[in-house]
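The numbers here are math on the coordinates, done by the rules we state, and not lab data. Small disclaimer: the values here were computed from a predicted structure and weren't measured. Here Cβ is always computed from backbone atoms with ideal geometry, including for glycine, and neighbour counts include all displayed protein chains.
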Amino acid sequence: MRTVFVHRDGVTRQTDAVDPAWLAPAAPELVWVNIDRPTEDDRPLLEDLFQLHEVAVEDALAAKHHPKVESYDRFLYLILHDVAVDPRSSGWDGNDIDFFLGRNFLITVQTAASTSIEREQVLCAKHHHILGEGPAALMHRIIDMMVDRYPPLVDAFDARMTALETTVFDAPQINPLKDILALKSDVASLRRVALPERDAVGRLARREFDEIPEPMAYRFRDVYDHLVRLTDEALFFQDRVNGLLEAYLSTQSNRMNQVMKVLTLIATIFMPLTVLTGVYGMNVKLPHLPGGDGAQFWWIMGMIGGISWLMLWMFRRMRWL
């Protein structure tokens with residue numbers, strides 16, 4: 001689905017199609033085209049009408065790409081990720097948003113629903129100055145809103161981490177390994193997205209491209225600062241979840257060692273008892289202990305008890321118990 005906005009003579013209005021005259025080198029119009037869930041039917045619009053490079057168009061029509069920024073002859077191509085917390089899986093979901101920034105046009109391509117773009121569309125229809133500031137300013141507004149969606153995701157990670165730490169250290173009978181590994185995967189995915197996204201926005205802030213005027217570069221610098229803090233938090237979370245996993249595995253290892261220790265002590269105690277009962281269980285005549293036949297059983301039980309007590313005393317004295 002396509003949504004087209006054009007700004008002309010100080011007024012922004014929504015239209016059904018793009019007039020080729022708006023893309024002339026000296027055309028005064030400012031154009032924003034948003035493509036929601038692109039298909040092959042959108043290729044002629046991008047390649048023929050806007051004359052975008054086929055390699056960039058191919059990337060835009062693909063479902064997933066890492067964040068990056070590339071400069072072409074007539075436009076700037078940027079890929080970023082819009083994120084949202086997924087309550088069904090307690091994780092997060094990231095979707096590509098592709099930006100084609102030209103002299104007087106901005107094309108956004110979203111592979112899934114984007115709250116950031118939907119909100120800007122509403123604001124753009126109500127306030128004429130939003131698109132009137134230029135396509136670079138509009139792109140900054142969208143990116144800034146996308147980055148503002150990261151803090152709730154970080155807060156959700158922190159809440160999950162705190163809950164898992166409580167489980168590991170205060171409720172060892174519960175097995176949280178699956179949740180720890182899921183959080184580790186989510187944190188690693190966030191880091192893989194945040195680092196290249198920080199680098200891409202950093203290039204916009206350093207005024208490397210003619211499509212980004214100097215005033216816009218200062219605005220992108222603020223967005224870059226937010227992404228720097230985000231990457232730092234992603235690295236911190238990665239260290240924290242790795243430490244939590246190591247603590248959990250260490251706790252499980254200690255519990256296993258305690259179990260093996262008890263079982264080993266039991267087996268060690270029963271070794272001489274097995275020899276004793278085996279000897280007196282042989283079908284041969286053995287010397288009788290004092291007393292009659294009925295007393296033999298109690299002598300054997302007494303020796304078993306005495307040997308067990310002596311071994312437990314020795315284990316205690318050697319600090320094995």
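Normalised by 2.2 N^0.38 Å, with N the number of residues, the alpha-carbon radius of gyration of the range 135-185 equals 1.75. Looking at the P(r) of the range 2-252, how many percent of alpha-carbon pairs lie beyond 34 Å? Everything past 34 Å amounts to 25 percent. Compared with the dominant principal axis of the Cα atoms in the chain, helix 150-170 is inclined by about 0°.
Each eigenvalue of the Cα gyration tensor of the range 1-65, multiplied by 5 and square-rooted, gives one semi-axis; in descending order these are 23, 14, 9 Å.
Once you reduce the range 19-54 and the range 122-191 to the center of their Cα atoms, the two points are 32 Å from each other. Each of 100, 270, 75, 209 was scored by other Cβ atoms within 10 Å of its Cβ. Arranged with the fewest first, they read 270, 209, 75, 100.
With +1 on the Cβ of every Lys and Arg and -1 on the Cβ of every Asp and Glu, and nothing else charged, how large is the dipole of the range 121-238 about its Cα centre, in debye rounded to the nearest 20? Numbers along the way, then the final one.
Numbers: 15 positive and 19 negative charges, 43 e Å.
Result for the range 121-238 is approximately 200 debye, rounded to the nearest 20.
With a cut-off of 15 Å between beta carbons, the residues surrounding residue 26 carry a summed charge of +1, where Lys and Arg count +1 and Asp and Glu -1. Rounded to the nearest 10 degrees, the inclination of helix 214-280 to the longest alpha-carbon principal axis of the chain is 10 degrees. Express in % the proportion of alpha carbon pairs of the range 31-173 at distances exceeding 28 Å. Tail of P(r) above 28 Å: 28 percent of Cα pairs.
If you sort the three axes of the alpha carbon gyration tensor as a ≥ b ≥ c, you get a/c of 1.5 or more for the range 111-196 and a/b above b/c, which makes it prolate. For the chain, the longest principal axis of the C-alpha atoms and the axis of helix 293-317 are separated by about 40°.
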